[in-house]
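Read through the structure below, which is laid out as structure tokens, and then see the notes.
The values are calculated or read from the model by the stated rules, or taken from the named source; none is laboratory data. Quick caveat: nothing in here was measured; it's all calculated off a predicted structure. Neighbour counts run over all protein chains shown; Cβ positions are idealised from the backbone, glycine included.
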Amino acid sequence: MTTQPAYSHDSIRAVIWQGDHLRLLDQRRLPADEIWLDCHSADEVAAAIRDLVVRGAPAIGIAAAWGVVIAAQRDPGHLDAALATLRAARPTAVNLMWALDRMKAAIVRGADAAALAREAQAIQDEDLAANRHMGELGAALLGRGVGVLTHCNTGSLATAGFGTALGVIRAGVSAGRIARVFAGETRPWLQGARLTIWELLRDRIPATLVADSAAAHLMKSGDVQWVIVGADRIAANGDVANKIGTYQLAIGARHHGVRFMVVAPSSTVDMSTASGADIEIELRSPDELLAYAGQRTVAAGAQAWNPVFDVTPASLIDAIVTERGVVERPDAGRMAALFGTAR
Ligand SMILES: CSC[C@H]1O[C@H](OP(=O)(O)O)[C@H](O)[C@@H]1O
């Protein structure tokens, strides 16, 4: 008798091509409401990326690729303008630029709207396959019965499905390697509290929410052996830009002897960026900090600084897991051995 896992793994699809427009699960409204937003132009797709209707590095690259298809169907004379608008939507996640470069290369080869749709579908399908493979590779590193802490949301909502760091967690739970999952709430936008917990509950994977500020205390307790996170851009020397708060998790992990894993497809690796110092960090509106659920929580007149990513130096990372393989103790030489010297 085979035992079926109690979880469905990747039943969530947040980016759905409808043949002539793009349907996005509105991540601003989760978990309270499951509302879909239809985009009928590249401008609408760019706005959806900018406003975090769709977010997560691979997912915004996939959405942007479909945005190019919409432009090719409706306004083929202005494809360069559509590419530029989509490219400007968010600055840090390199998957966006990677996907648009790939669509641009297809345009240069003479692709029509139908051929561009095949390219966008390939980008989406390859991401799902990469996630499944990374899940196996990452889970194999874990040991047995471990506790893990993750940050932000790196699951089906952030990708074509299954997820990057959350894919490793799904695979690790399936294989019986993970005993406990903790998710940081991920202030200020609460991707961990709102999205990761929602995804894990749908898969019937028990998870415990912790305040971001509880992470060091949790590591000290001994309940966590691995921190597992995603990435928005990985530089040639192995430095990793990821959701704000990742850097302090890596510092805490090293201090407490907790291992630190980054999981991302090769589309997140940017060998043309030498180090994390060269990565543009997105600054978002102070209002994301000054208000909560639409209600102002900070005294009028206060200022706020809201960088939404930080850079974890390669020296604090034990393993970078990609679909091409694992880079342990990453540095420029080990990265070049797997990814070459430039993309
Ligand atoms: C699967 S990568 C997800 C990645 O994207 C997040 O950022 P955001 O929610 O602002 O798009 C975060 O950095 C995650 O690690």
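Any residue at all in segment 221-231 that's farther than 27 Å from V327 by Cα, more than 13 Å from the ligand (Cβ to nearest atom), assigned by TED's automatic domain parsing to the domain that holds T186 and at pLDDT 95 or above?
Yes: segment 221-231 contains one or more residues that are farther than 27 Å from V327 by Cα, more than 13 Å from the ligand (Cβ to nearest atom), assigned by TED's automatic domain parsing to the domain that holds T186 and at pLDDT 95 or above.
Which fully enclosed helices (runs of 4 or more DSSP H) of segment 43-134 have 3 or more residues being within 16 Å of the ligand (Cβ to nearest atom)?
Those helices (runs of 4 or more DSSP H) span 57-74, 94-108.
Within segment 236-261, track down each residue that is among the β-branched types (V, I, T) and within 9 Å of the ligand (Cβ to nearest atom).
I244, T246
Quick one: which of A179, A216 is more than 11 Å from the ligand (Cβ to nearest atom), at pLDDT 95 or above and in a helix (DSSP H, G or I)?
After ruling out the rest, the residue left standing is A216.
For every residue, the table says whether it meets (1) closer than 16 Å to P58 by Cα; (2) of a type in the set (S, T, Y); (3) over 18 Å from the mean Cα position of the chain (by Cα).
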site	(1), (2), (3)
M103	yes, no, yes
V108	no, no, yes
A115	no, no, yes
E119	yes, no, yes
I123	yes, no, no
A130	yes, no, no
H133	yes, no, no
L141	no, no, yes
N153	yes, no, no
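Filter segment 144-176 for residues that are within 18 Å of H217 (Cα to Cα) and either touching a Lys or Arg at 6+ places or on another chain (Cβ under 9 Å) or of a type in the set (A, V, I, L, M) (or both); which is nearest to the ligand (Cβ to nearest atom)?
Restricting to residues being within 18 Å of H217 (Cα to Cα) and either touching a Lys or Arg at 6+ places or on another chain (Cβ under 9 Å) or of a type in the set (A, V, I, L, M) (or both), the top hit is H151.
Cβ-Cβ distance below 7 Å, separation of 6 or more or different chains: which pairs start in segment 293-304 with a residue that is in the same structural domain as W189 (by TED's automatic domain parsing) and farther than 15 Å from P188 by Cα and end on one that is of a type in the set (A, V, I, L, M, F, W, C) and outside any loop (DSSP other than H, G, I, E, B)?
If the second residue must be of a type in the set (A, V, I, L, M, F, W, C) and outside any loop (DSSP other than H, G, I, E, B), the pairs left are A302/L290.
For a quick check of your reading of the model, give me the residue pairs whose first member lies in segment 34-61 and is in contact (Cβ under 8 Å) with a residue 60 or more places away in the chain, whose second is in a strand (DSSP E or B) and crowded, with 22+ Cβ neighbours inside 10 Å, with beta-carbon atoms closer than 8 Å and at least 6 apart or on different chains.
Correct list of pairs: A57/R233; A59/V15.
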